[in-house]
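Taking it in order: structure first as structure tokens, then the write-up.
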Amino acid sequence: MKSENCAPVLRPVRVKQSGQVWDSVQKAAFVLGTGLLVFAAARNTITWHLQQFWGASGDFWQSQWALFYNAYEEEPFKIFVFCSMVVPTGMFWLFNALLMCVDVTGWPAFFLRYKIQADKNVPVDPAKLRNAIFTVLANQLFISFPMVLIAYVISLWRGGTCGPELPTFHWVLLELLVFGLIEEVMFYYSHRLFHHPALYKRFHKQHHEWTAPIGLVSLYAHPLEHFLSNMLPPVMGPVLMGSHAATIMLWFTMALLSTSVAHCGYHLPLLPSPEFHDFHHLKFNQCYGVLGVLDRLHGTDAAFRRTKAYERHIMLLGLTPLSESIPDTPKLGKGE
């Protein structure tokens, strides 16, 4: 009798899970296929136009790199540090300084219309913010910089990455695609591992003190988590590919700005949607990845996809906040 009662429940679950996995595989194939098509199109069309443009302007990017390279030709270490740390870190702090001005002062009020969790961190607690700033600086100084030194040693062993010639445009596109896939896999599984009860309270809970995140807390984490989840996934791609210092500069800058946007708490026009990761900070057990492919594969975005936040998880192309054009469903009162 016991097995008979259980059978009708288990079969639909298996069918549903099988359907979800197949659907996720299809979506992953679609994402990768689209990326390859874009890459092919870029190589055949965009690259030609850019090469014509750059050629007409005296090969602008190559000439700029040549000026920089010639100034430090005998000091490849300085070139590597400038590209992998100085520029990406500078862009990170510049972008987040602008966000913190809004978070602390609430001005200009226009930006507050785009806040995802409108009732949280308005304004942000100064003491909590100072603690986050010191933690991020410590992580960058004592974790990020030593990892850059190790990456530099590996690059020397492989022949160096600070050459005088920039890589071609289509090769950079291919490398960025590889970097993104490596980061998605490594970040998803390391991040989900830190949510295991045996590790969460000791390590990852620090990051989740911010249930309504701001851009700066993208790097607010325990040192072990900063090493394994924040740094290793984006660093591994360039190390494996032996990438040029200029490509590393581009990738690290993109990665830092991307994670800042994902944590910023504002769904601003023309920027990638932060709804996915903001929902993770709100609910803790959803949306572990960067691209969302592995979340779909493992079903760890199921609750997210049932919310209005999922409908708002698009790039905003107008000025009307998505919280207004796609508002949350009103909650019913007790007597309704």
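The values are calculated or read from the model by the stated rules, or taken from the named source; none is laboratory data. Please read all numbers here as calculations on a predicted model, not as lab measurements. Cβ sites come from the backbone with ideal geometry, for glycine too, and all protein chains shown count toward neighbours. For the accessible areas, the whole protein counts, side chains as well, though only heavy atoms, and no ligand, DNA or RNA atoms are used. Shrake-Rupley method; radii C 1.70, N 1.55, O 1.52, S 1.80 Å.
Over the Cα atoms, compute the radius of gyration (one decimal) and Dmax (the largest Cα-Cα distance, rounded to a whole number) for segment 119-166, in Å.
Every Cα atom of segment 119-166 included, Rg and Dmax give 18.3, 53 Å.
Please report the base-10 log of the normalised intensity I(q)/I(0) for segment 187-336, using a Debye sum with one equal scatterer per alpha carbon and no solvent, at each q in 0.10, 0.11 (1/Å).
Here log10 of I(q) over I(0) equals -0.40, -0.48.
By how many nm would the segment from Ser325 to Leu67 lengthen if fully extended, with 0.36 nm per residue of separation less the alpha-carbon distance? Walk me through the numbers on the way to the answer.
Numbers: separation 258, 0.36 × 258 = 92.88 nm, distance 4.89 nm.
Here the answer is 88.0 nm.
Would you tell me the accessible area of Lys78, worked out with a 1.4 angstrom probe on the heavy atoms of the protein chains, in Å² to the nearest 10?
Rounded to the nearest 10, that gives 110 Å².
Between Gln206 and Leu94, what is the spin-label point distance in nm, taking each point 7 Å from the Cα along the Cα→C-beta axis?
Going from the Gln206 label point to the Leu94 one covers 2.9 nm.
Output needed for segment 147-260: three equivalent-ellipsoid semi-axes, defined as square roots of 5 times the C-alpha gyration tensor eigenvalues, in descending order, whole Å. Could you put the intermediate results ahead of the total?
Values: eigenvalues 171, 42, 30 Å².
Sorted largest first and rounded, they come to 29, 15, 12 Å.
Between Phe134 and Arg113, what length comes free when the chain is fully extended (0.36 nm per residue of separation minus the Cα-Cα distance, one decimal in nm)? Kindly include the intermediate steps, with their values, before the conclusion.
Details: separation 21, 0.36 × 21 = 7.56 nm, distance 2.90 nm.
Length gained between Phe134 and Arg113: 4.7 nm.
Filter the GluC sites (Glu not before Pro) in segment 101-202 down to the DSSP loop ones having no more than 12 other Cβ atoms within 10 Å, then list what survives. It would help to have the intermediate numbers written out before the result.
Values: sites: Glu165, Glu175, Glu183, Glu184; in loops: Glu165.
Filter output for segment 101-202: Glu165.
Using protein chains only and a probe of 1.4 angstrom, how many square angstrom of Leu94 are accessible, to the nearest 10?
Solvent-accessible area, nearest 10 Å²: 100 Å².
According to a simple spin-label model (label point 7 Å from Cα along Cα-to-Cβ), what is the distance in nm between Ile154 and Lys78?
A separation of 2.6 nm, rounded to one decimal place.
Provide the solvent-accessible area of Arg312, counting protein heavy atoms only and rolling a 1.4 Å probe, rounded to the nearest 10 Å².
20 Å²
State the extension gain, in nm to one decimal, for the chain segment bounded by Ala303 and Leu181, taking 0.36 nm per residue of separation less the distance between their alpha-carbons. All intermediate terms of the calculation are to be shown ahead of the outcome.
Values: separation 122, 0.36 × 122 = 43.92 nm, distance 2.40 nm.
Net length gain for the segment: 41.5 nm.
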